[in-house]
1. If you check ARG86, ARG155, ARG139, which single one turns out to be within 30 Å of ASP272 (Cα to Cα) and either buried (at least 18 other Cβ atoms within 10 Å of the Cβ) or not acidic (Asp, Glu) (or both)?
2. Taking only the stretch 160-190 into account, find how many residues are outside any helix (DSSP H, G or I) and farther than 20 Å from VAL81 by Cβ.
3. Going by the structure shown, is THR59 more than 20 Å from LEU234 (Cβ to Cβ), of a type in the set (Ser, Thr, Tyr) and touching a residue at least 40 places away in the same chain (Cβ under 8 Å)?
4. Where the second residue is surrounded by fewer than 13 Cβ atoms within 10 Å (Cβ to Cβ) and the first is in a helix (DSSP H, G or I) and lies in the stretch 21-41, which pairs have Cβ atoms under 7 Å and are six or more apart or on separate chains?
5. Looking only at the stretch 241-268, which residues are modelled with pLDDT under 90, outside any helix (DSSP H, G or I) and touching a Pro at 6+ places or on another chain (Cβ under 9 Å)?
6. Can you tell me which of PRO247, PRO231 is more than 19 Å from the chain's Cα centre (by Cα) and surrounded by 14 or more Cβ atoms within 10 Å (Cβ to Cβ)?
7. Please determine whether any residue of the stretch 139-151 is outside the structural domain of GLY11 (by TED's automatic domain parsing), within 20 Å of PRO10 (Cβ to Cβ) and in a helix (DSSP H, G or I).
8. For the stretch 191-204, give me the residue count where each residue is outside any helix (DSSP H, G or I) and loosely packed, with under 14 Cβ neighbours inside 10 Å.
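The values are calculated or read from the model by the stated rules, or taken from the named source; none is laboratory data. Quick caveat: nothing in here was measured; it's all calculated off a predicted structure. Counting neighbours? That spans all protein chains shown, and the Cβs are built from the backbone with ideal geometry, glycine included.
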Amino acid sequence: MHASQAEAIPGTIPPREAHRFDAARLEAYLRVNVAGFAGPLAVFQFAGGQSNPTFVLDTPAQRYVLRKKPPGVLLPSAHAVDREYRVITALGRTPVPVPRTFCLCEDPSVIGTSFYVMEYVEGRVLRDPTLPGLTRSERVATYDTMNDVLARLHRIDPKALGLGDFGKPGNYFARQIARWTKQYEMSRTEDIPSMTKLLAWLPAHTPPGEETRLVHGDYRLENMIFHPREPRILAVLDWELSTLGDPLADLAYNCILYHTPGATTGGLMDVDFAATGIPREADYLAEYCRRTGRAKIEAWSFYLAFSLFRLGAIAQGILGRALQGNASSESARQVGGQARFLADAAWRMVQEG
């Protein structure tokens, strides 16, 4: 396939040197393991994404998407493509929109690491949360559908989907704080005082009465594919961090935008809500509570501080991988540098309460 055809697949580049694999061996595997698959196969890599390298598999009849573990030495429990495959496959039977899955391969002899293959969903990725270029009513509807899909996810009983063992029930925040503290310490490149304070404050201030639901872990606009013309989500992507956990952690992560300025992380702090149609945080939370049958949310600042802390730890991990030379995106260093900003923002939120 020549370059002009690669350009027809939005956001793709030729596979990066560090992530290349034997396409002929993959093609032979898919012929046997994916019903209806037929070559010839051309492989392109999505330019974005920080964690699991993701590729478009182009064939004359159909396009597919392949997600694989990155090469090199990996942090424990990270990059679990088998978990991602399992949750997307299970959600295919629910009102939560996800891509159709085709196969999971855990045999490293095929392309060097574990991978899975799912459908290529044609549509729009809305990367800027201020939604430039959309009408006011389209912005209202886009945020409303994002809220609705999150509520749908959190109304699901994980046991009914066969996901009762997808994580440990209870003590979600204690386990998450411990996990991300460990990941942060393993990839730490400098001393961040606000992060050190958070590591002590968060475990001591976890609200009582945690719930256990299926949580996405990275629920934001950029991880959704919208219909080409309508404000409708066709697929929620990037389930790598999904587990059983407290739904308010997912909601708070989705609302970090309200507490970061647009210039730094593409946030909503500087937005004119009335003019744009983007809902205020209080209205967004009220809609979520209505949809999930929740009276109100206590200790909201804890959930926000936790989400910023976790994002800071993830950013630090990305920076650590970039310095080792095996991060999956060229912008990894830039993203990694946000760890200090996020930790500072979280500590400020704790102090303001």
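1. Selected residue: ARG139, the only one of ARG86, ARG155, ARG139 that is within 30 Å of ASP272 (Cα to Cα) and either buried (at least 18 other Cβ atoms within 10 Å of the Cβ) or not acidic (Asp, Glu) (or both).
2. Qualifying residue count for the region: 8.
3. no
4. Taking only residues 6 or more apart or on different chains, not a single pair turns up.
5. GLY266, GLY267
6. Answer to the selection: PRO231.
7. Yes; the residues of the stretch 139-151 include at least one that is outside the structural domain of GLY11 (by TED's automatic domain parsing), within 20 Å of PRO10 (Cβ to Cβ) and in a helix (DSSP H, G or I).
8. Adding up the residues that qualify gives 1.
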